[in-house]
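The values are calculated or read from the model by the stated rules, or taken from the named source; none is laboratory data. Bear in mind the structure is a predicted one, so any value in this text is a computation, not a measurement. Cβ: placed from backbone, ideal geometry, glycine included. Neighbour counts: every protein chain shown.
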Amino acid sequence: MKDLRLKINYLTLLVCLSSLTGWSQDVVNHDSTSVVSASVSADTLVPVKNSEQVDELIGFAKRFLGTPYKWAGMTPSGFDCSGFISYIFGNFGFKLVHSSYQMAELGETVKIAEVRPGDLLFFKGTSTSSTRVGHVAMVIEVKPGAIMFIHSSTSRGVVIDNFVTSKHYIARFMKAKRLDFGEKAE
């Protein structure tokens, strides 16, 4: 577990993707206090090499593809979005809250153009007019044309989607967060 913490900390120090332009989407933070501009170009996204530990985290998450959605679910018999993320990180010794809204308060906010595997993406729930976080997902791959993320969808269960090509998720994007795993919650 200590190696995972060191690897994740190292990953957070890697050079961020920068100077990406393309589509632009203004979104309001969940607390309605500020507007964030998300800019991503499908052609200029650069792959980020994952640490072995981040690859293990992602590999573990992928084991649950196809698991059904279950409201308040936190087990492999069924997950809601935050239950899924909590379960994945919990397997590696990191205790997260079971609420996408509360998870969105953890860590450091990063621009969508700077996300990398292991970062969390936060979205409005079903309504694009909402000002509150209602969904969470984990980035699993960044490459030209794609920011792939894994999540538990209410309609499809645990699936992988591409943020860059998803009008549904682009319209609901609120923020991206990078968690600091320097200290595990007890």
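Looking only at residues that are out of contact with any strand residue (DSSP E or B) (no Cβ under 9 Å at 6 or more places or on another chain) and of a type in the set (S, T, N, Q) in region 105-147, which one is surrounded by the fewest Cβ atoms within 10 Å (Cβ to Cβ)? Only one residue tops the list, namely Ser129.
Results for (1) small (Gly, Ala, Ser); (2) under 16 Å from Lys175 (Cβ atoms); (3) modelled with pLDDT of 95 or more, shown as yes or no for each residue.
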{"residue": "Ser82", "(1), (2), (3)": "yes, yes, yes"}
{"residue": "Phe92", "(1), (2), (3)": "no, no, no"}
{"residue": "Ser127", "(1), (2), (3)": "yes, no, no"}
{"residue": "Gly134", "(1), (2), (3)": "yes, yes, yes"}
{"residue": "Ala137", "(1), (2), (3)": "yes, yes, yes"}
{"residue": "Ser153", "(1), (2), (3)": "yes, no, yes"}
{"residue": "Ile160", "(1), (2), (3)": "no, no, yes"}
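Within region 151-170, restricting attention to residues that are closer than 16 Å to Tyr69 by Cβ and free of Cβ contacts under 8 Å to residues at least 40 places away in the same chain, the residue that is surrounded by the fewest Cβ atoms within 10 Å (Cβ to Cβ) is His168. Looking at region 47-92, which of its residues are surrounded by 15 or more Cβ atoms within 10 Å (Cβ to Cβ) and among the aliphatic types (A, V, I, L, M)? Hits for region 47-92 are Val48, Val54, Leu57, Ile58, Ala61, Met74, Ile85, Ile88. Within region 49-72, residues that are within 13 Å of Val139 (Cα to Cα) sit with their Cβ atoms under 6 Å from residues that are not charged (D, E, K, R) and not in a loop (DSSP other than H, G, I, E, B), at 6+ positions apart or across chains, in these pairs: Val54/Leu11; Ile58/Ile140; Ala61/Ile88; Ala61/Ile150. Within region 71-124, the residues that satisfy the criterion of being among the aromatic types (Phe, Trp, Tyr) and farther than 21 Å from Ala146 by Cα are Trp71, Phe79, Phe84, Tyr87, Phe89, Phe92, Phe94, Tyr101. Taking region 68-186 as the region of interest, the helices (runs of 4 or more DSSP H) fully inside it that hold 1 or more residues being under 25 Å from Glu56 (Cβ atoms), of a type in the set (Ser, Thr, Tyr) and more than 11 Å from the chain's Cα centre (by Cα) are 81-90.
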